[in-house]
Amino acid sequence: MIINKLNLLLAERFIKASKLAKDTGIAQSTISKIVNNATSQIDYSTLDKICLYLKITPSDFFEYAPYQFVFKNFQNEGYTKNKESANFKFDIEIVGELFPVSFKGYIFDLNNPEGASVSVHPLNEKNLESIFFDFDKHLSISIKSSLSEEITSYISKNILDSMGIKKINKVDVDYFYMPF
């Protein structure tokens, strides 16, 4: 897993993303995507401008963890429009090994025109902790944070897709304990 540490680098220097954008001439939307690790590529000229501005090297900018996390086989077990809860399952693949994960999802305000609210909690928190026990001690805060966001995004998208909910008001995903 490779991520950029721009958010951390800016925080350490007490620099706002908007100031970085203004001072470097990089579009605010581009900086925002990079800060949030919401882009899969960074243009060399953009990286060069950021590194020059922050007086860092590309190796200071990126972080690598020798693991690949893949989320797959999402299953919705029993949700219907008349129910306010259901069980959901998916697998996390870490370096070729599959770990099954189960959640209980609660859906509120289905008829709210602004969208439903979804709250998701693990059915077996100990199982989730054991999945990450061996990997967690090797991961930095930046990698853990990025992984947390990826899991939240995966769960949110798949639950909403499986329930046929188009608009959401709030999604609260409490997936596992990951100590920072």
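What to note about this one:
- Note that segment 64-76 has calculated 3J(HN,Hα) couplings of 10, 10, x, 9, 10, 10, 10, 10, 7, 6, 5, 9, 9 Hz, one per residue in order, obtained from phi through the Karplus relation 6.51 cos²θ - 1.76 cosθ + 1.60 (θ = phi - 60°); glycine and proline are x.
- Separation of the Phe71 and Ala38 label points, Cα + 7 Å toward Cβ, nm: 1.6
- Within the shell of other residues whose beta carbon sits under 12 angstrom from the beta carbon of Ala21, the net charge comes to +4, with Lys and Arg scored +1 and Asp and Glu -1.
- Of the residues Lys144, Lys72, Lys55, the one with the largest accessible area comes first in the ranking Lys55, Lys72, Lys144, computed with a 1.4 Å probe on protein heavy atoms.
- Simple spin-label estimate for Glu12 and Ser153 gives 2.4 nm between the two label positions (7 Å along the Cα-to-Cβ direction from each Cα).
The values are calculated or read from the model by the stated rules, or taken from the named source; none is laboratory data. Just so it is clear, the structure is predicted and the values come from calculations on it, not from any experiment. As a convention, Cβ positions derive from the backbone with ideal geometry for all residues, glycine included, and neighbour counts pool all protein chains shown. The protein model used for the area step is the full one, side chains on, heavy atoms only, and it has no ligands, DNA or RNA in it. Shrake-Rupley method; radii C 1.70, N 1.55, O 1.52, S 1.80 Å.
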